[in-house]
Amino acid sequence: MSHGFEMQPMQARKSGPLTGRVRVPGDKSISHRAMILGLLTIGETHVTGLLEGEDVLRSAAAARALGADIQRVGPGEWRVNGMGIGTLLEPSETLDFGNAGTGSRLMMGVVGGHPIRATFDGDASLRKRPMGRILDPLRKMGVEVIEAAEGNRVPLTIQGARETIPITYETPVASAQIKSAILFCGLNAPGETIVIEAEASRDHTEKMLAYFGAEITSTPHGAHGRRITLKGQPELAPQPIAVPADPSSAAFPMVAALIVPGSDIVIESVMMNPLRIGLITTLREMGARIEELDRRIEGGEEVADLRVRHSLLKGVDVPAERAPSMIDEYPVLAVAAAFAEGETRMNGLQELRVKESDRLQAVADGLKANGVTHRIEGDDLIVDGLSRNIRGGGSVKTHMDHRIAMSFLVMGLAADRDVGVDDMSFIATSFPDFIPLMTRLGGQFA
């Protein structure tokens, strides 16, 4: 198992203007799903722009263990020859997902729809994260949980359904992981599997299933929700996948350019899916100068090049219903809020408590360490911006969380004194090239 590691501290220091043109890694959500859909398709799926971070490579390893033939052709280019729905092999060893929460949860749905047994495990961080919200609907679909660590956590072993049961399930929270696990399990169920969301979560699974030939519909439900209906037992057809740049990764150079005076950068081919651009919407409300260049369609998703320039930001009130479209970006938004004039209130952040760490508390602790006034009220985070005069000088505990590490390294590029993180090793799970890329733009690290 991947539970031992050596901590790698790092500091970011006040930098001159960030300039240049860069492309951040491929979208992690689509990269995970590319491996899964390749596994579930008979024939070859050609993937370009794949995020080759540790999380996605764990999903690739799991797909191999379940029977797929997967070959890396070149940087970001992969070929997946799948088994097809209903024909997966029982893995001979534990599926070790390292730090990959998305990969592990989605693959539980895949395994759950097949009459095979598999054990899931991961690193110390993944072992702390709850899996019950995934296992509850899978049990209704015929999946048996043979054993699990306390609190429905990994390591856990499931026996997939011998005859998968189609269900109608209303998710308790807006979660693409819950929805996707149910839909992947429902692929091998006769009849219709229906997922109802009160608040719409990111829709990559629905779009990609349709792209591969599944019969799936998504219709409005209530004011902000969706009703997704999947017809089971389709024969998926291989399709080329061009993975767009990850908006969650683009968030870090984007915020860095906004807060470092004189900066002017272009981030290429960023996914502009409406359910993923909550951060861009919020930053623009704060006064950010973010310009879309050459908006277009690539691989079934809208993308654009983004020109981002240093901006004088102001505090805003971020509505809770925006959370599903930017749930991973709140840590770096809190950094932007620290450099804004006035108060920024981020509402409804309960999902941050069950990420790689308790991100809400980790962000608050990092702000405190660097002299930023803030408070937590229930599940809301309120940051009192200091309008560019951030003291810095703090050392931030990352709790093995890549987004906490990157967010506070971004802070250090504009703070008066160096900002340190206790461990940057987990950045490799989603953005292996983060430090070299930010250095090319002009960022300074030690």
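The values are calculated or read from the model by the stated rules, or taken from the named source; none is laboratory data. These figures come from a predicted structure and were not determined experimentally. With ideal geometry, Cβ positions are generated from the backbone for all residues, glycine too; neighbour counts draw on all protein chains shown.
See the values below:
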item: Hits in region 138-155 (condition: in contact with a Ser or Thr (Cβ under 8 Å, 6 or more places away or on another chain) and either surrounded by 20 or more Cβ atoms within 10 Å (Cβ to Cβ) or not in a strand (DSSP E or B) (or both)); result: MET141, GLY142, VAL154
item: Test: residue in region 1-11 that is farther than 24 Å from VAL396 by Cα, of a type in the set (A, V, I, L, M) and outside the structural domain of GLU329 (by TED's automatic domain parsing); result: yes
item: Subset of region 156-165 (residues that are surrounded by fewer than 22 Cβ atoms within 10 Å (Cβ to Cβ) and in contact with a strand residue (DSSP E or B) (Cβ under 7 Å, 6 or more places away or on another chain)); result: LEU156, THR157, GLN159
item: Residue within region 201-209 that is within 19 Å of SER325 (Cβ to Cβ), out of contact with any strand residue (DSSP E or B) (no Cβ under 6 Å at 6 or more places or on another chain) and among the hydroxyl-bearing types (Ser, Thr, Tyr) present; result: yes
item: Selection from region 260-292 of residues that are in contact (Cβ under 8 Å) with a residue 40 or more places away in the chain, aliphatic (A, V, I, L, M) and in a helix (DSSP H, G or I); result: LEU279, LEU283
item: Members of region 243-279 that are under 16 Å from SER407 (Cα atoms) and among the hydrophobic types (A, V, I, L, M, F, W, C); result: ALA250, ALA251, PHE252, MET254, VAL255, ALA256, ALA257, LEU258, ILE259, VAL260, LEU279
item: Residue in region 74-86 that is without any contact (Cβ under 8 Å) to a residue 24 or more places away in the chain and outside the structural domain of ASP401 (by TED's automatic domain parsing) present; result: yes
item: ILE435 being closer than 30 Å to GLU199 by Cα and outside any loop (DSSP other than H, G, I, E, B); result: no
item: Residues of region 199-230 that turn out to be crowded, with 17+ Cβ neighbours inside 10 Å, over 18 Å from HIS46 (Cα atoms) and touching a residue at least 40 places away in the same chain (Cβ under 8 Å), as a count; result: 7
item: Considering residues of region 261-279 that are under 25 Å from ILE390 (Cα atoms) and crowded, with 24+ Cβ neighbours inside 10 Å only, the residue farthest from the chain's Cα centre (by Cα); result: SER263
item: Residue within region 106-129 that is over 21 Å from the mean Cα position of the chain (by Cα), without any contact (Cβ under 8 Å) to a residue 12 or more places away in the chain and within 23 Å of LEU57 (Cα to Cα) present; result: no
item: GLY16 being among the small types (Gly, Ala, Ser), surrounded by fewer than 16 Cβ atoms within 10 Å (Cβ to Cβ) and either without any contact (Cβ under 8 Å) to a residue 40 or more places away in the chain or assigned by TED's automatic domain parsing to the domain that holds ALA257 (or both); result: yes
item: Test for VAL410: is it within 21 Å of the chain's Cα centre (by Cα), at pLDDT 95 or above and not in a loop (DSSP other than H, G, I, E, B); result: yes
item: Answer from GLU192, GLU235 - the residue that is in contact with a strand residue (DSSP E or B) (Cβ under 6 Å, 6 or more places away or on another chain), over 23 Å from VAL335 (Cα atoms) and not small (Gly, Ala, Ser); result: GLU192
item: Candidates ILE196, ILE178, filtered to the one that is in contact with a Lys or Arg (Cβ under 7 Å, 6 or more places away or on another chain), in the same structural domain as VAL110 (by TED's automatic domain parsing), surrounded by fewer than 17 Cβ atoms within 10 Å (Cβ to Cβ) and of a type in the set (A, V, I, L, M); result: ILE196
item: Residue count, region 228-261 (criterion: over 13 Å from LEU306 (Cβ atoms) and hydroxyl-bearing (Ser, Thr, Tyr)); result: 2
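Per-residue answers, yes or no, for (1) in contact with a Ser or Thr (Cβ under 8 Å, 6 or more places away or on another chain); (2) closer than 30 Å to ILE216 by Cα:
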position: ILE241; (1), (2): yes, yes
position: LEU293; (1), (2): no, no
position: GLU302; (1), (2): no, yes
position: ASP305; (1), (2): yes, no
position: ARG309; (1), (2): yes, no
